[in-house]
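Scroll down for the structure; my scribbles are underneath it.
The values are calculated or read from the model by the stated rules, or taken from the named source; none is laboratory data. Note that the structure is a prediction, hence the values are computed from the model and not measured. A quick note on method: Cβ atoms are made from the backbone with ideal geometry, for glycine too, and the neighbour counts reach across all protein chains shown. Accessible surface is based on the protein model in full, side chains and every heavy atom, while ligands, DNA and RNA are left aside. Shrake-Rupley method; radii C 1.70, N 1.55, O 1.52, S 1.80 Å.
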Amino acid sequence: MRPDEVKIYLEPFDLDVPASVAGGRIESKEPLSGMLRVELSEEEVARLAAFSETLAAPVRGVRLEEGYIVVGFEVEALGTRVPVGVEGDIVLRNGGEPGFEANRLEVLGEPLPERLTRRLLEGVDFAYPIELPFEGEVSEVVIHEERLVLTGEVNVLSDR
């Protein structure tokens with residue numbers, strides 16, 4: 001994952017300056033911890049979605065809107081390519097793993113009935129495990145226009 005921005009708000013911040021300077025790495029009396037904020041661009045989310053191995057068709061694009069995401073595909077039907085759009089939410093699963101939860105399906109720009117959408121999307125799963133380089137976990141995902149924001153906690157910030 002290549003985020004646009006990563007911020008860690010340390011609290012309490014009890015840096016041992018002499019030991020850090022002498023050792024060439026951050027030293028503190030207590031393990032450093034705090035709040036985590038990671039911001040991903042729409043392009044980065046699209047790049048990550050393109051690597052999903054569980055989808056029947058390759059991802060052709062991703063659009064992030066305020067509160068929801070649209071994933072675009074092209075499927076082949078009767079010898080022609082048909083544009084398909086799936087609208088949904090990003091939800092956190094066990095261990096803070098983001099997953100895509102679809103709730104609307106469009107084919108050729110027209111929405112399909114809810115019942116048909118559920119049947120067609122049965123078994124479709126998009127999840128992206130996140131391995132943080134420190135102890136902590138993601139606890140919230142918010143979708144904004146053109147960006148995805150992950151927030152959580154850093155329990156112990158150290159070299160891994």
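Things to note:
- Positive-end ranking of Gly109, Phe134, Leu150 along the dipole of the range 90-154, with charges on Cβ about the Cα centre, is headed by Gly109.
- Exposure of Ser28 as accessible area (Å², to 10), given a probe of 1.4 Å and all protein chains: 40
- Site pair Met35 and Asp16 shows an inter-label distance of 2.9 nm when each label is modelled 7 Å from Cα along Cα→Cβ.
- Solvent-accessible area of Arg81, all protein chains in place: 130 Å² (probe radius 1.4 Å, heavy atoms, ligands and nucleic acids excluded).
- Rounded to the nearest 20 debye, the dipole size of the range 1-99 about its Cα centre is 260 debye, using +1 on the Cβ of Lys and Arg and -1 on the Cβ of Asp and Glu.
- Extension gain, Lys7-Thr151: 0.36 nm per intervening residue step, less the Cα-Cα distance, totals 50.9 nm.
- 13 Å beta-carbon shell around Glu66, net charge (K/R +1, D/E -1): -4
- The range 27-160 - charge dipole about Cα centre, Lys and Arg +1 at Cβ, Asp and Glu -1, debye rounded to 20: 420
- Ranking Leu32, Gly61, Pro18 by how far each Cα lies toward the positive end of the dipole of the range 1-95 (charges on Cβ) leaves Gly61 at the top.
- Among Arg60, Arg147, Arg119, residue whose mean-square fluctuation peaks in a GNM of the chain (springs only between Cα atoms under 10 Å): Arg119
- Neighbours of Ile143, meaning other residues whose beta-carbon lies under 9 angstrom from its beta-carbon, give a summed charge of -3 when Lys and Arg score +1 and Asp and Glu score -1.
- Area projected by the alpha carbon convex hull of the chain, averaged over all directions, nm²: 11.1
- Choice from Glu76, Glu39, Glu131 with maximal GNM fluctuation in the chain (Cα, 10 Å cutoff): Glu76
- Computed accessible area, Ile8, all protein chains, 1.4 angstrom probe, square angstrom: 60
- Here's how it looks for Glu146: its modeled amide H is under 5 Å from those of Leu64, Glu65, which are all 5 or more places away or on a different chain.
- Local electrostatic count at Lys29 - Lys and Arg +1, Asp and Glu -1, tallied over other residues with Cβ under 12 Å: -4
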